[in-house]
Every structure is written in structure tokens, then in C-alpha cells.
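Colleague: Attaching a single structure in C-alpha cells format; questions to follow.
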Amino acid sequence: KTETADVIVIGAGGAGLAAAIAANQSGATVIVLEKMPRAGGNTIISGAAYNAVDPSRQIPLGIEDSVDLHFTQTYEGGDKVGDPALVRTMVENAYPALQWMESLGMEFTPTVFTVLGGLWPRAHKPVKPLGTGYIDTDLEYINSHSSQITLLLETEATELITKNGRVTGVKAKGLSTDYVFNANKAVVIATGGFGANIELRDRFNSMWPALTNIKTTNHPGATGDGLVMAEAVGANLVGMEYIQLLPMGDPDTGSLSGNIEQNVENRIFVNKSGNRFVDEGARRDVMTKGLFEQQDAFMWVILDRHSYPNPDVKNNFNETIAELIAQGRAYGANSLDDLARQIGVNAENLKAAVADFNRAVETGGPDRFGRTLFQDKIDTPPFYAGAREPTVHHTMGGIQINTRAQAIDKKGNVIPGLYAAGEVTGGIHGSNRLGGNALADIHVFGRIAGTNAAAEK
Ligand code: ADP
């Protein structure tokens, strides 16, 4: 079966849907291909924090920030491996893209916070849980423009079609139909990363101990298909060895759910001996490397009532601490001695770790791990503990793009007719992505890709 639209988008996560909407707002008809039975990809199950410099929310909280600081933290936080022009494009357009999402109906809470490994309080929190707000907003737009945008689920792109060096379409497989999709203008690849593809992970991993048995936060469709399809038409892949792990995986599933952390300022990590081992406000790679050095690469997140003023307060995954305790996924106690007994760590060590942390809160640090992020002491029962292990979260590497989101080939030339956006691209986050930058990245570059794809002749 053959179908035609101005723009063909591959992947219905945050980047692909942003591209589809932006292309349509620029007058294009769009077909979006999604291999899974539902839209959303990693975006819908993500922590969903969105970094943007935003004086309207930050000034009332007394937070100093600037686009330059966001640039410097992003670029240096990725060891200056990213392309500065792409980083600049992301940080400058993060807030305009956030306002664009709001114009489509997306809602954020009125405050900002520091997300894990985000280094600075510029993360916006959606009102709806996880990434559902972004995807619901996108799908509402698409449903109300159904004569212009078609979203095909369970339709897997398998190959890019080229003609005289230009990408002109996509071959795909539906449940019972083989398709050819022709693009009048351009194709946008937005298929996400390869965190769920163990073979690809193993092939490129050089930063970490073997990842073969490490679980992932990713949805099962994050298999890197777009990288393979793009490389087959000559695309250059950059930074493929930079794989992001979080120290916050559920030991059974690798998922972030069950994470009891509320504010990064208010919790510590201890190992099986009850000792702290890292600056818990550090970069994600630094924290995860620290965790790999502990016994069984296992840790407890420790916090107190400040994070859960009552047992019905929910974590970022819509779970109450009471539910997590009832399910045996978290522990609560009225003393650190009792908590230590329940989780099987040395009580003297745990109490010393907390006392050490509390002294640093008083002085404001930096403490002996270099930690500077503090708010409340851990001194108010109930005390809580939750188990965590390393988990594969994000792949920084991927298709090289320019600031117009055009795919670049191995000689440094634009591949005509091909755009890429989101986790499938490389060169933005360098060796380490700051927490909260992915949602900014996918919306900024998804929007740019869609707008420019629609403007092709
Ligand atoms: P991003 O954050 O970059 O938008 P996501 O993981 O949120 O990435 O979304 C990527 C989407 O692309 C997922 O929904 C995934 O199922 C989809 N996808 C991946 N490979 C293919 C493919 N070959 N054909 C169609 N859709 C794909």
C-alpha cells in the first residue's frame, strides 16, 4: 500500500509528535509512524522534568539563572564533547518551546526544582504524572487536526527510500500490510534511543562495566532502529559510546518507579554497610560510577518526614509512601536504629552518615564528598529507606544533526530530505546528559525539525 504526505515522521514520542505538530502548523500534511501499540515512547514514562531558564518562575523563588549558565552547565556537564552550536540552540529555545507546549494546552506547576543530576533549579514539573501531560497534549492536537495528521500505530518503519541522494520516503510494516510512504517534502526520524537494545549497548559501551545484565528504565521499543536506518543512507553517528545510567533503578525491574526521592536536596545514599559514598547532587555519571564501586552496586535512598509530611504524599510516580511500604518496596521507621534493623545495615554507620550530613546542612557545605545541595536535615521521623541499583536510562549518541535538525552524512554534508530529532540524535548532551535536558532537547529540536521539514521544496 502506498500513501503520501508532505512530511513523514518516524516515531510518536515527544520529539516525533512535536515535529508533526510544528510541521502541520507550517501548513504540511503529516503521517506519523509508530511501531508500538501506543504513542509516547520513553517520553511518556520519563520523569518528565523540563529544564528552561524561566524568570517568571525562578525570580519569585530567588533563583539566579541565565541562558549562559544553562549553556555552560550543559556543555561542561557533558565534558565539552557536545556540539556547542546545538547546545546553544537547545538552551536558547528551551523556554520558547515550553511556551509553545503551553499554547497547545500543556500544564506545568508554578514552581521549578532541581532534578536528579540536573545541577540547578530550572526543572519544570508537569501537572500530570510522568510524561503523560506532553503526550496527551500532542495527541489532542493531532486528534483535532485529523484531516491533516495521521498517526498509524503498530506500523514499523524498516527502511528509508532514497532517490538521487535525497530521502523521499519510508518503507514500513503494519500488522498485516506492507507500506510505502512517500514524502513530498521530507522525512523526520524521531525513533528515540537504544537503551533497550542489549546488543547495541554492548557493542558501543566503553564507559561502564559490562551492561549485559543491567536493567533499563526504557520502554521495549527503544531499540535504536532509526540509527540503523539512517546509517544505511550515509548518516554520521556521533557519541555512541556515551550511555547514561541512573543510580535510581528499581532492583527488580530497572524502572524509576518506586523511587522515594522527592527533593534531591533532602536525601542521602548509603551502601549496604550504611555509609555514604558520593556527592548525591553530582552529575548522573559520577553518582552511578560511585554506586558501581559499592558492594553489589546496591544502595539505599534515605530521607525523612520532610519529603513525606504525611503517608499519603505521592512520589513522582504517583505512588504514596504508605503504598510502597505495604508492597515491601520501601521501609519506614520512627528511629534510625529501627530503620537500620529493617534494611539490614549497620545502625552506628547509618546514624553517623546522617549526623555527618546534618552537620553539612548546617554549614552549607561543601561536605567531604563535595556536596553543596542542601535544604533540610534528616532529623524528623518517620525515616524512610528505598533500595536502588544502576539502570540504563538514556543514550547520548546518535545521528549527527545541524542546528536546523538536518541529518549530516559522514563527509559533513546535509542529507537532503532527512531530519532527525530527539534521543535518536547525538552531539547535544556530550558524554553526560543533565537531568531535565531531554525534554527540552526533544521539544526544541522536534519543533525545529518539523518546521524546517515543512518548508522544504
Ligand atoms: P524521543 O524522546 O526522542 O521522542 P521516545 O522514546 O519518546 O523518543 O519516542 C520514540 C518513539 O519511536 C517510540 O514510541 C518508539 O516506539 C518509536 N519507534 C522506534 N523505532 C521505530 C520504528 N522502526 N518505526 C516506528 N516507530 C518507531
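Colleague: Return the residues of the stretch 184-194 that are of a type in the set (Gly, Ala, Ser) and more than 9 Å from the ligand (Cβ to nearest atom); say none if nothing qualifies.
Modeller: ALA186
Colleague: Counting just the residues of the stretch 1-20 that are in contact with a Ser or Thr (Cβ under 6 Å, 6 or more places away or on another chain), near the ligand (Cβ under 9 Å from one of its atoms) and part of a loop (DSSP other than H, G, I, E, B), which one comes out farthest from LYS173 (Cα to Cα)?
Modeller: Per the stated criteria, the residue is GLY13.
Colleague: Please specify each residue of the stretch 204-219 satisfying the condition of being without any contact (Cβ under 8 Å) to a residue 40 or more places away in the chain and closer than 22 Å to LEU130 by Cβ.
Modeller: Matches in the stretch 204-219: none.
Colleague: Tally time: how many residues in the stretch 406-425 are in a loop (DSSP other than H, G, I, E, B) and within 12 Å of the ligand (Cβ to nearest atom)?
Modeller: Selection size over the stretch 406-425: 4.
Colleague: A follow-up question, please. Taking GLY47 as the residue in question, decide whether it is modelled with pLDDT under 95 and either within 16 Å of the ligand (Cβ to nearest atom) or part of a helix (DSSP H, G or I) (or both).
Modeller: Spelling it out, GLY47 is indeed modelled with pLDDT under 95 and either within 16 Å of the ligand (Cβ to nearest atom) or part of a helix (DSSP H, G or I) (or both).
Colleague: Any residue in the stretch 63-74 that is touching a residue at least 60 places away in the same chain (Cβ under 8 Å) and of a type outside the set (Asp, Glu) sitting within a Cβ distance under 8 Å of a residue that is surrounded by 15 or more Cβ atoms within 10 Å (Cβ to Cβ) and not in a loop (DSSP other than H, G, I, E, B)? List the pairs, counting only those 6 or more apart or interchain.
Modeller: From the stretch 63-74, the pairs are THR74/VAL87; THR74/MET90; THR74/VAL91; THR74/ASN437.
Colleague: Restricting to the stretch 97-112, count the residues that are surrounded by fewer than 24 Cβ atoms within 10 Å (Cβ to Cβ), touching a residue at least 60 places away in the same chain (Cβ under 8 Å) and more than 23 Å from GLY62 (Cβ to Cβ).
Modeller: Matching residues across the stretch 97-112 total 2.
Colleague: Also, quick follow-up: Consider ASN164 against the criteria (1) open to solvent by 40 Å² or more (accessible area, probe 1.4 Å); (2) farther than 24 Å from VAL81 by Cα; (3) within 15 Å of the ligand (Cβ to nearest atom): it satisfies all of them except one. Which criterion is unmet?
Modeller: (3)
Colleague: Name the single residue, out of those in the stretch 207-230 being within 16 Å of the ligand (Cβ to nearest atom) and of a type in the set (S, T, N, Q), that is farthest from MET287 (Cα to Cα).
Modeller: THR223
Colleague: Any idea which residue in the stretch 435-457 is surrounded by the most Cβ atoms within 10 Å (Cβ to Cβ), counting only those that are in a loop (DSSP other than H, G, I, E, B) and within 15 Å of the ligand (Cβ to nearest atom)?
Modeller: GLY436
Colleague: Shifting gears a bit: Examine the stretch 197-206 for a residue that is more than 15 Å from the ligand (Cβ to nearest atom), surrounded by fewer than 19 Cβ atoms within 10 Å (Cβ to Cβ) and at pLDDT below 95, and state whether such a residue exists.
Modeller: The answer is yes; a qualifying residue exists.
Colleague: Sort out which residues of the stretch 366-382 are over 20 Å from GLN262 (Cα atoms), under 29 Å from the mean Cα position of the chain (by Cα) and of a type outside the set (Asp, Glu), and write them in order of number.
Modeller: PRO366, PHE369, GLY370
Colleague: Which of the strands (runs of 3 or more DSSP E) contained wholly in the stretch 255-369 include at least 2 residues that are of a type in the set (A, V, I, L, M, F, W, C)?
Modeller: Counting at least 2 such residues, we get 268-270, 299-303.
Colleague: Out of all the residues in the stretch 257-284, which are of a type in the set (Phe, Trp, Tyr) and either in contact with a His (Cβ under 6 Å, 6 or more places away or on another chain) or open to solvent by 30 Å² or more (accessible area, probe 1.4 Å) (or both)?
Modeller: Scanning the stretch 257-284 gives a single hit, PHE277.
Colleague: Still on this structure: Test ILE378 against the criterion of being closer than 30 Å to THR217 by Cβ, in contact with a His (Cβ under 8 Å, 6 or more places away or on another chain) and surrounded by fewer than 24 Cβ atoms within 10 Å (Cβ to Cβ), and give yes or no.
Modeller: Here the answer is yes, as ILE378 does meet what is asked.
Colleague: Moving to a separate point now. Does VAL115 satisfy the condition of being of a type in the set (A, V, I, L, M), away from the ligand (no atom under 14 Å from the Cβ) and open to solvent by 60 Å² or more (accessible area, probe 1.4 Å)?
Modeller: Spelling it out, it is not the case that VAL115 is of a type in the set (A, V, I, L, M), away from the ligand (no atom under 14 Å from the Cβ) and open to solvent by 60 Å² or more (accessible area, probe 1.4 Å).
Colleague: Also, quick follow-up: Of all the residues that make up the stretch 215-242, how many are open to solvent by 30 Å² or more (accessible area, probe 1.4 Å), within 28 Å of LYS80 (Cβ to Cβ) and more than 18 Å from the chain's Cα centre (by Cα)?
Modeller: 4
Colleague: Just for the stretch 243-256: of the residues that are open to solvent by 30 Å² or more (accessible area, probe 1.4 Å) and away from the ligand (no atom under 16 Å from the Cβ), which one is nearest to LEU291 (Cα to Cα)?
Modeller: PRO251
Colleague: Tally the residues that are more than 16 Å from the ligand (Cβ to nearest atom) and either of a type outside the set (S, T, N, Q) or open to solvent by less than 40 Å² (accessible area, probe 1.4 Å) (or both), restricting the search to the stretch 130-161.
Modeller: Counting residues in the stretch 130-161 that are more than 16 Å from the ligand (Cβ to nearest atom) and either of a type outside the set (S, T, N, Q) or open to solvent by less than 40 Å² (accessible area, probe 1.4 Å) (or both) gives 2.
Colleague: Name the residue that is most open to solvent (accessible area, probe 1.4 Å), counting only residues in the stretch 21-42 that are in a helix (DSSP H, G or I) and away from the ligand (no atom under 11 Å from the Cβ).
Modeller: The extreme case among them is GLN25.
Colleague: Now for a different question. Among (1) more than 23 Å from THR111 (Cα to Cα); (2) open to solvent by less than 10 Å² (accessible area, probe 1.4 Å), where does SER307 come up short?
Modeller: (1)
Colleague: Given (1) modelled with pLDDT of 95 or more; (2) surrounded by fewer than 21 Cβ atoms within 10 Å (Cβ to Cβ), identify the lone condition not met by MET287.
Modeller: Only one criterion in (1) modelled with pLDDT of 95 or more; (2) surrounded by fewer than 21 Cβ atoms within 10 Å (Cβ to Cβ) is unmet by MET287, namely (2).
Colleague: Any residue in the stretch 274-294 that is within 14 Å of TYR384 (Cβ to Cβ) and within 31 Å of the chain's Cα centre (by Cα)?
Modeller: Within the stretch 274-294, none of the residues are within 14 Å of TYR384 (Cβ to Cβ) and within 31 Å of the chain's Cα centre (by Cα).
The values are calculated or read from the model by the stated rules, or taken from the named source; none is laboratory data. From a predicted model like this one, the values you see are computed outputs, not experimental measurements. Every residue, glycine as well, gets a Cβ built from its backbone with ideal geometry; the counts of neighbours run over all protein chains shown. Areas reflect the complete protein model, heavy atoms only, side chains present, ligands, DNA and RNA absent. Shrake-Rupley method; radii C 1.70, N 1.55, O 1.52, S 1.80 Å.
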